[in-house]
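> What follows is a single structure, and I will ask about it in a moment.
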Amino acid sequence: MELKGSELTKNNKDKNFIRIAGEVEADRTSFLDTPYLLDNKVTAYLAKSAVKASMRLNTRAIVADSISGQTILAIAAYRGDNPIYAQIYDEQVMRVMALSFGVFPDFIERRDFDADPIKKAIQRLVDQGKFEVGDLITVLAGHFGCDHGASYIEISTAESMIPRVL
C-alpha cells in the first residue's frame, strides 16, 4: 500500500502527537485542584468528581465519550493518576485530545450511537490489555447522549460493565 503525500504527512503528524504526549506523560503529577470553567456545570462537576473518586478508590482507568472533547478536557484538567480512555466521535477532535495530559483517545464511528458505545469501548480496552475484567474503573457518560454532556459517574469492575451475550 502506497501512501500519498498528504496521507504520509498526516501519519507523521499523528506519530509526533503521540510521541509528544508520551513525553509529557512521563512527568505526571497527582490531582490538581484548579477551577475549570465549562458552560455545562453538571459535566464540569462530574468530571472533577470522577477524578477525585478514581484516586480515592484506586481505580485503574477513566472511560468517557465526547463529540466536542469538552468532557475529556474537563477530566484532564485535574490531572489524576489514571489514564483517560476517551471515546471520540470526530477524528479532528481525537487528534486534539491526543495532546491532552493523560488522554488516550480512540475514534468511534457515529453508527455506534445505536448501541452502547461505552460498553463496547470497555470490551475493546480489556481485549487490548489496557485493564483486566476484574479491575475497578470509572465511567463518565450521559444517559441523554453525547450531545448533552455527562450526566452520571459509574464505578465498578470492567466485567460488570461489559455487555453480556446471551
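The values are calculated or read from the model by the stated rules, or taken from the named source; none is laboratory data. Being a predicted model, the structure only gives us computed values, none of them experimental. So basically every Cβ, Gly included, is an ideal-geometry build from the backbone, and we count neighbours across all protein chains shown.
> Across segment 51-85, what is the number of residues that are closer than 10 Å to residue 101 by Cα, among the aliphatic types (A, V, I, L, M) and not in a helix (DSSP H, G or I)?
Result for segment 51-85: 2.
> Considering only residues that are of a type in the set (S, T, N, Q) and either touching a Phe, Trp or Tyr at 6+ places or on another chain (Cβ under 8 Å) or modelled with pLDDT of 95 or more (or both), look in segment 59-91 and name the one that is farthest from residue 126 (Cα to Cα).
Of segment 59-91, the ones of a type in the set (S, T, N, Q) are 59, 66, 68, 70-71, 82, 87.
Checking which are either touching a Phe, Trp or Tyr at 6+ places or on another chain (Cβ under 8 Å) or modelled with pLDDT of 95 or more (or both) leaves us with 59, 66.
Working: 59: 14, 66: 20 Å.
Among them, the one singled out is 66.
> Also, quick follow-up: Looking at 54, 156, 68, 151 in this structure, which one is surrounded by fewer than 17 Cβ atoms within 10 Å (Cβ to Cβ), farther than 22 Å from residue 39 by Cα and among the polar types (S, T, N, Q)?
When all the criteria are applied, what remains is 156.
> Is it the case, given these coordinates, that residue 131 is surrounded by fewer than 19 Cβ atoms within 10 Å (Cβ to Cβ), aromatic (Phe, Trp, Tyr), more than 27 Å from residue 41 (Cβ to Cβ) and at pLDDT 90 or above?
No.
> Let me ask you something else. Look through 122, 137, 153 and report the one residue that is in a helix (DSSP H, G or I) and either at pLDDT 85 or above or in contact with a Pro (Cβ under 7 Å, 6 or more places away or on another chain) (or both).
Only one candidate passes the filter, namely 122.
> Report, by residue number, each residue of segment 77-128 that is among the aliphatic types (A, V, I, L, M), surrounded by fewer than 17 Cβ atoms within 10 Å (Cβ to Cβ) and more than 13 Å from the chain's Cα centre (by Cα).
115
> Could I ask something else about it? Among the residues of segment 19-51, which ones are surrounded by 14 or more Cβ atoms within 10 Å (Cβ to Cβ) and either at pLDDT below 70 or farther than 20 Å from residue 122 by Cα (or both)? Walk me through how you get there before you give the answer.
Step one: list which residues in segment 19-51 are surrounded by 14 or more Cβ atoms within 10 Å (Cβ to Cβ), which gives 21, 31, 36, 38, 40, 42-51.
21, 31, 36, 38, 40, 42, 43, 44, 45, 48, 49, listed by residue number.
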